[in-house]
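Novice: Below is one structure. I have some questions about it.
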Amino acid sequence: MRRQAWGVIGAAVVGLGVVVFLGLPQGTDPESTQVSQRPEGASGKRKQKVHATPTPPPSGTLSIRGLVKVGQAPVAGVRVSATRPMPGETLSELPCPVDESDPAPSSRGKRLPECMREARAQVLELVQGRYGEAPVYAETVTGADGSFALEGLPEGEFTLWALGEQGAELRPQVAAGAEGVELVLGEGVTVEGRVVDASEHPLSEVRLTVLHAKYTRFFDVRTSADGRFQVGPLPKGEYALVAEKEEWLPEFLPPYLVRSRTAVVLYQPVRLAGLVLSEGTPAPGTEVRLTAGSEAGQVTTADAQGRFVFEGLKPLGYELTAERAGRFARAEVHLRTMELSAEEVVLRLGESRHVEGTVRDDAGNPIPGARVALWRKRDYGQNWKVFTDEEGHYRVGPLPLSDYVFDVTAPRYRHVENEVHAITREPVPLDFTLPRAFSLAGTLVDEEGVPVAEASLELISGDGEQPQGTQSNTMTEEDGRFVLDAPAAGTWTLSTEDERFLPEKKQVQVPSENLRWVLRRGARIDGSVTDAEGTPMSEVGITVWMPGEEGEWSYSRRAMTDAQGRFSVSGMEAGSYRVEASLTDEGVERSASQPVTLRDNGRAEVALRFETGWSLSGLAVDEAGQPVAEATINVYQPPNATAAWRRNRFRCGNDRPRIVTGRDGRFTLEHLTGEQYVLWAYKEGYIFLAAKSEGAAAVDEDSIRVRSGTEQVRLVFQSQARIRGRLVDPDGAPIPRFELNMRFMSDAQGAFTTPITETGTQHLLFGAPGMAQTTRAVKVQEGVDVDLGEVRMEPGRRVRGVVVDAETGAPQAGAEVRVLGPAREQEEGLARPSLFMRAQDDGTFEFPHVESEPLQLEVSHTNYRMARVALGASDASVTVRLVSGATVVVSAVDSAGRPLDADVRFILERDESSWETLDVVEGVGQRRGLEPGSYWVQLSTAAGTTEGFVPQRAEIPEQGQVKLAFVQRKAGPTLVLRTEGLDEGVEAILLPGAFTVPVSMKTVPLWTSMGLSGVQDEGVRRFTALSPGRVRLLLFAGPPARFHLEELELPAEGVVERGVQPRWQPMPEK
């Protein structure tokens, strides 16, 4: 039987909303879905305008006249309008928020359409206030002959919109006074979907605003009784969406989350209350701040009893900080969907503090604008970043008391990297000294001498052919200038990669100033993209493919068509290419391509035209013939039916184009141009019966193959049996909001249901506010329903504990404490989500709702071995004693004896999936907390190379000290493997002969972590500075997974050349 995890297949949580793909009915109530202007007196509580009334657009005496057509035929009754952004008001004209503390913020100079995801709160506030739409200067409807006239326009350029039942068109940059403008309606896009709550119940009367991201036009609609909405056809482009409903939190979806069929999830507001304590007593008047990610925070003040409340919160992760009289507290809170009121949070002043100090150069001068980044050791999810002020001073926090890793960087200075410091109660300044770097400064220009902005540059050690690693990278400024820093003087390789120019590299001397580098634009391809009727197509992706070895193709350049369907790519080498235009249209990936040959600095023109293709209609039904709505259909061409040049873009899983069946189970795929396609179908709670489907041949259990000429298919689904029941509290009252296998559900009677996936034992995990987790192991059989009746939940017990050092008894603040399931679950491979918290400053922890059955506590902390303690069914308190174990000291020097900064990895031989790391700074690193056992140890320098370092095997005892010394080999034998004739996907790994770990799918990651992969160059793989003696060479490839293993004897020096003739063996699983 397969191992199970505590989870179900369902909607994916993306960003701040949950997006799934849904089908819509073929005929939708027009009253509930029509595009309309929102009336001034619309009912419901509205967010008041946060800005002044938008400026009325000026009028004039000019006009724009033209004709609207479909193909070559004029169209009557099409609404045509002209818009233009209002400076300082329209969203497309407003700047992105800028972090003023950042000397070079990436958002500077950008407009809101370029940062809608980051500026979510600002966009939501503006759209709710009906502020930021590009004003309409004139609007009309085409006459019987398709003609239109937009009158009363001032001078300047406008964006024209043509919206009709037959399609839509958008034309930017049309000058007032223009005559004979032709607008050809394209298919457009229809934004449709459903608004649901977190348990996927539909929500009616939700107000939605769909806004064109680039040209900022608002389109309004309300959901119908079943939560559905439809807006369109609209001009093709990127759209964002705002949803609002009284007593629900508003939602904003940026363009990357808005698809043609989208579900928007609204959440009910959650209340968060807490208490601030100082030395165990309430701390009234304390300022408490709540933040979520990069969004602006909320601030409140604790009352006379030290209590505080935040209302109207979304179920997200938050950071709470409190400050009073220079003492700080900090806590992380994750609000769950099932909680409308979270459990009280206690903030204890003095358990966090700010860290501050000064960054200076080696002459003692302050360095303004230095970047100080830090993260909690062993927890990369918690990180902070600040910049020094004019006095070189920085301040960050409040931070929990723990160990932190610091990176400090500044242009023209050597960086401090991976420096670990303990943050304790003592407010000791933490200063950093940055020595002057060896800098390379210069300017990039094109062949006309124009500065090249935003070009990527890398400074690489070595000769560029066999680089030792990238030491520095940057982007050029607006004036083309750049500065790159190196840790040492000498000859370096400077490389640039920019799609506007040919990729180039050159050797440079560091330090150096005023380097002027002229980039060459190379050859260029210009082109156009049209539909089958010759209508230009905008927003179409362009890929330039180039051939490689063994018939493999890879992309060389990418672009996007403009409003006129034009594109241009430059920076091309001479050679043969294939230019492809592609887009996904209602579940079908369309493609048009053309070969092209370029000469040096030449120019080619291509015209790409999408074919109409053939159409396929389908119906999804269950075994009783009833429609199956909202089933997902993936469609793709199989690799054997795909052109060789296009196979590298073959997609899988959720990346494939998809369409969703409507309420009547129907779907239509248009513009199919291939000879055959594979359809993969899925709906939660159903099994797709490919063999019973009609009109196509089954490929496997869940996909079918259709061929050109097929007009209809019938997809048959089998409804899965289900487990049902009711969740109740200790008094038998229903629990209306709960989680089942980590999925939120709501039902007034506490009813739940989940599909039976396979015969055997199915594990259910229930969670509810104020209750301990409850589990059920249910014996199930495919096709047979199970009714569990009432499942009773209990509050459980309160478990308190303390984490201390086993030797000294000192409390261990910040230790990570997890409550795991019973040992039997671990043995069965069940991945139950653990209860988790960090120990407080005094080492204590407390879990308020824990099951009354035997469980396990797992505690981990920096420089201590992991502890796992049994928690009896009635245990209410526990002391966890952490053992530090042996001390491991690692030294590392390069071939000249100079101390190195490096990363060291320890991989446990008996469990290659278990590994630990150690940071070596200035040649020395030390750590404790490794589990006793045999390890393989590998060092890689800060530049990322393992060249010249031999993996070592180390025995780590229970106690004591272990010393390991890594000395980079200055010289040694070179192994040259001739790899001609081997498939491109073959990997080669070289390890010392003492490395005797068997080869298997399970151990390959260990081989690749410990081994050398050499440098591939024109049919040979070169390994340099090796140790003499016996080595083991591993080749592996797949699918199917296979390997070749042989031993070689290397001399003390010289070059060994060897051809590879692998004797392949199947690779075992274990």
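Novice: Distance in nm between label sites at Ser719 and Ser554, each 7 Å beyond Cα in the beta-carbon direction?
Specialist: 5.2 nm
Novice: On to the next question. Quick check: from the Cα gyration tensor, does region 974-1066 come out rounded (a/c under 1.5), prolate or oblate? Kindly include the intermediate steps, with their values, before the conclusion.
Specialist: Values: a/c = 1.87, a/b = 1.22, b/c = 1.53.
Oblate, since a/c reaches 1.5 and b/c is not below a/b.
Novice: If you count, for each residue, the other Cβ atoms within 10 Å and average over each peptide, how do 596-604, 890-898 line up from highest to lowest? Don't skip to the end; give the middle numbers.
Specialist: Numbers: 596-604: 14.0, 890-898: 15.6.
Highest mean packing first, the order is 890-898, 596-604.
Novice: Using only Cα atoms, locate the centre of region 841-904 and the centre of region 366-427, then give the distance between them in Å, rounded to an integer.
Specialist: 24 Å
Novice: Could you check the spin-label model distance between Ala149 and Ala644? Points 7 Å from the Cα along Cα→Cβ, value in nm.
Specialist: 6.2 nm
Novice: Which one, Ser538, Gly725, Leu598, projects farthest toward the positive side of the charge dipole computed for the chain from Cβ point charges (K/R +1, D/E -1)?
Specialist: Going by the charge dipole, the pick is Gly725.
Novice: Work out from phi, with θ = phi - 60° and the Karplus expression 6.51 cos²θ - 1.76 cosθ + 1.60, the ³J(HN,Hα) of each residue of region 512-525, listed in order in whole Hz, and give x for Gly and Pro.
Specialist: Coupling constants for region 512-525: 7, 10, 6, 5, 10, 10, 9, 8, 9, 7, x, 7, 9, 10 Hz.
Novice: Also, I was wondering about something else. Give me Val299, Val784 ranked fewest to most by other Cβ atoms within 10 Å of their Cβ, as a rough exposure proxy. Could you put the intermediate results ahead of the total?
Specialist: Numbers: Val299 13, Val784 10.
Least to most surrounded, the residues fall as Val784, Val299.
Novice: Taking the beta-carbon count within 10 Å as an exposure proxy, list Glu552, Glu114 from fewest neighbours to most.
Specialist: Details: Glu552 13, Glu114 16.
Fewest-to-most Cβ neighbours within 10 Å comes out as Glu552, Glu114.
Novice: If you don't mind, another one. Quick one: if the Förster radius is 22 Å, what FRET efficiency do Ala876 and Ala751 give, using the C-beta to C-beta distance and rounding to 0.05?
Specialist: Details: r = 34 Å, r/R0 = 1.53.
After rounding to 0.05, the efficiency reads 0.05.
Novice: Now a separate question. Return the long-range amide H neighbours of Gly993 (sequence gap of 5 or more, or a different chain), with a cut-off of under 5 Å between placed amide H atoms.
Specialist: Arg1030, Val1031, Arg1032
Novice: How large is ³J(HN,Hα), in whole Hz, for each residue of region 804-819 in order, when computed from phi with the Karplus curve 6.51 cos²θ - 1.76 cosθ + 1.60 and θ = phi - 60°, using x for Gly and Pro?
Specialist: 9, 6, 5, 8, 9, x, 5, x, 10, 5, x, 4, 8, 10, 10, 9
Novice: Tell me whether region 524-609 comes out rounded, prolate or oblate; compute the Cα gyration tensor, take square roots of the eigenvalues as a ≥ b ≥ c, and use a/c under 1.5 as the rounded threshold. Write out the running numbers ahead of the final one.
Specialist: Working: a/c = 2.23, a/b = 1.41, b/c = 1.58.
Taking the square roots of the gyration eigenvalues as a ≥ b ≥ c, region 524-609 is oblate.
Novice: Can you give the relative contact order of the chain as a percent, counting alpha carbon pairs under 8 Å and 6+ residues apart? Kindly include the intermediate steps, with their values, before the conclusion.
Specialist: Numbers: 2833 pairs, mean separation 65.7, N = 1070.
Computed over the chain, the figure is 6 percent.
Novice: Moving to a separate point now. How much net charge surrounds Leu185 when only other residues with a Cβ under 12 Å from its Cβ are counted (Lys, Arg +1; Asp, Glu -1)?
Specialist: Numbers: positive: Lys69, Arg79, Arg171, Lys236; negative: Glu165, Glu169, Glu182, Glu187, Asp531, Glu533.
Net of charged neighbours comes to -2.
Novice: Can you tell me the relative contact order of region 270-348? Whole percent, Cα pairs under 8 Å, sequence separation 6 or more. List each step's numbers first, then the result.
Specialist: Values: 185 pairs, mean separation 31.1, N = 79.
Relative contact order of region 270-348: 39 percent.
Novice: Considering amide H positions built from the backbone, and no H for Pro or chain starts, which residues 5 or more places from Asp431, or on another chain, come under 5 Å of its amide H?
Specialist: Close amide H contacts, sequence-distant or interchain: Thr358.
Novice: Ok, one more. Read phi for every residue in region 615-631 and hand back ³J(HN,Hα) as whole Hz from Karplus 6.51 cos²θ - 1.76 cosθ + 1.60, θ = phi - 60°, with x for Gly and Pro.
Specialist: 10, 9, 9, x, 9, 9, 9, 8, 5, 8, x, 7, x, 10, 8, 6, 7
Novice: Oh, and also: Consider the candidate values (1) -0.60, -1.17, -1.55; (2) -0.59, -0.90, -1.06; (3) -0.84, -1.15, -1.30; state which one is log10 I(q)/I(0) by the Debye sum over Cα atoms at q = 0.06, 0.08, 0.09 Å⁻¹ computed from the structure displayed.
Specialist: (1)
Novice: Name the long-range amide H neighbours of Gly152: under 5 Å, sequence gap of 5 or more, or other chain; modelled H, no Pro or chain starts.
Specialist: Sorted by chain and number, the residues that satisfy this are Leu62.
Novice: For Ile64, Ile704, what ranking results if the residue with the fewest other Cβ atoms within 10 Å of its Cβ goes first?
Specialist: On the way: Ile64 25, Ile704 22.
In order of increasing Cβ crowding within 10 Å: Ile704, Ile64.
Novice: So what is the 222 nm mean residue ellipticity for the chain from helices alone, if each DSSP H run of at least 4 adds -39500 (n - 2.57) and you divide by all residues, rounding to the nearest 500 deg cm²/dmol?
Specialist: On the way: 4 runs with 25 residues, N = 1070.
Helix-only estimate at 222 nm: -500 deg cm²/dmol.
Taken together, the values in this text are just the output of simple stated rules run on the coordinates, not laboratory data. Being a predicted model, the structure only gives us computed values, none of them experimental. Every residue, glycine among them, receives a Cβ derived from its backbone with ideal geometry; neighbour counts consider all protein chains shown.
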